[in-house]
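Report on one structure; see the data block that follows.
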């Protein structure tokens, strides 16, 4: 059973197809690495990539990809709606199969060191790989963005973990980290009132006194004329999907608003949904090894 | 993506370890075939085997296994608590991955024909491979058992699909078929009254006017002093696990009895539990391709 790590690099180009393909090409047809998905957003001017593979192969692949990113993207003329701190903006490693979080942290450190050395880029470790508690949260690390980092990098407590103590003007800075898989889960409400979705989001999410590993916001789905509580479940093992769902439902009751549906965006670890079936069906002593496909494929 | 079929042969020996191992050995270390599980029951005097592989490799494997079964098991001196019609009692093929039910039916016919030719055994096709509606149900096919088949085989409508028109005295007869995966799912009640479990079972199961693809009976769990509704869900795609669970719960209410838990026995297809998560979380437009592990392993 081979070790498998997932890597979800985000880079700051979402419009120029030629550049995007040149960068993605570094991941195609590689031994020991599989490109699962990539999607570019023109408004955000950003591309999110998902690939998996053995740790050593993933390290080689992301470094080859970084080379193309730094050769082809110039931050001095980058504009886009999504927060970003560099050409290669953020590189998280996620343990998927037969790999521990510790191994992913080591991988993040090794890759971070090499990006700093090879491309003269200031590197910040984040999430489980962070060198200090205040660097765990990506939003806090990235605050100020590319433009602000020329000042921020000189501030006390914000010197990079690796690399030069000045921003690379063309490439910016980069955040490299390790984290558990994230589940993007949205709950649709039977109302067009986005205020209600916002109020529920504030109660359900961690910073509002809600669930520890939930980030949430209210969103209006214009095409369906309904409001939605849009969530990121950043640790489904500790804050299960069904718990977030039930809490949204419970809070919606206050407004007499029903939950009319939900959606899972992108890829989701099997265990995140299996544990919901276990809860609702009250299954005792279930082992993931009872899943037929797991026995076949592993 | 290779084609994968599951085969769950049952043979009539559950006590003599030497014989059991000799038979199982034919499946070990074979190219293109993987032995997932086997378990012998001394009371039933029977062994149930689960293995998977590419259709051609599975066909070769089951024929090699059958050879050992017929050489080592003598039905003239077989006794056991479980119904059985032959040394090799029943051989179902189940589509698992990139294989259609039609291919499993063809496989069942091909294997049935060869068992008949190679070992002079009367073969009855059953379930989706059945040659007539009254031969679909295994319990109906097997009725009378080994001892009764000396008469039954001569009755109108019960000549075998392949092989001689007389029972093989040492090897008996065999049922070979194709079916969808079966889910063994039991619901535990907060009562020690097995009558209640029995009454619920009768209502939930197909023959009692209940769900089309549910077989059920009441069972007493002596060690925990509770009653259980023990079910076989013979087509989870058409009769979902959550529907059987909710129906048991609904009927238990009549007695003021709570459902205190459930259990999944043995292997279960991922989809059978994922569709429960989809139901309870009200997930819209979910695709099994969103499961991370499926993308990794396929």
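Just so you know, all these numbers are worked out from the coordinates, no wet-lab data involved. As the structure is a computational prediction, the values presented were derived from the model and not from experiment. Cβ coordinates were reconstructed from backbone atoms using ideal geometry, including for glycine residues, and neighbour counts include every protein chain displayed.
Points to keep in mind about this one:
- Ordering of B:124-134, A:206-216 by packing [mean C-beta count within 10 Å, highest first]: B:124-134, A:206-216
- Listing A:245, B:162 from fewest to most neighbouring C-beta atoms within 10 Å gives B:162, A:245.
- Axis proximity, chain B to A: residue whose C-beta lies nearest, plus whole-Å distance: B:297, 2
- Zero-based 5 Å bins, Cα pair distances in region A:1-82, whole percents: 3, 15, 28, 23, 15, 9, 4, 1, 0, 0
- Computed from the alpha carbon positions, the gyration tensor of region B:4-178 leads to an equivalent ellipsoid with semi-axes of 23, 20, 13 Å, biggest first.
- Estimated FRET transfer efficiency (residue B:237, residue A:265; beta-carbon r; R0 30 Å; 0.05): 0.75
- For residue A:25, inter-copy label distances in nm, listed shortest first [label point 7 Å out on the Cα-Cβ vector]: 5.7
- For region B:143-200, average projected area of the Cα convex hull in nm²: 7.2
- Kirkwood hydrodynamic radius over Cα pairs of the protein assembly as shown, then Stokes diffusion coefficient at 37 °C and 0.692 mPa s, in µm²/s: 119
- Over region B:187-249, the hull volume per residue, using the convex hull of the C-alpha atoms, is 66 Å³.
- Here residue B:113 yields copy-to-copy label distances, from shortest upward, of 6.4 nm, the label point defined as 7 Å from Cα along Cα to C-beta.
- Nearest 10 degrees, 0 to 90: helix B:270-280 Cα axis against chain B principal axis: 20
- Taken as Cα centroids, region A:203-226 and region A:75-108 sit 24 Å apart, rounded to the nearest whole angstrom.
- The equivalent ellipsoid that matches the C-alpha gyration tensor of region B:146-298 spans semi-axes of 34, 25, 14 angstrom, in descending order.
- Label point at residue B:16 placed 7 Å out along Cα→Cβ; residues across region B:152-179 whose backbone nitrogen lies under 20 Å: B:168-174
- With label points defined 7 Å past Cα in the direction of Cβ, position residue A:225 shows copy-to-copy spacings of 6.0 nm, given to one decimal and shortest first.
- Span from the region B:251-274 Cα centroid across to the region A:270-296 one, whole angstrom: 13
- Along each principal axis, Cα extent of chain B, largest first, Å: 55, 46, 39
- Alpha-carbon centroids, region B:119-181 and region A:36-71: separation in whole Å: 58
- Among A:98, A:198, A:72, the largest mean-square fluctuation in a Gaussian network model of chain A, built with springs joining Cα atoms closer than 10 Å, belongs to A:98.
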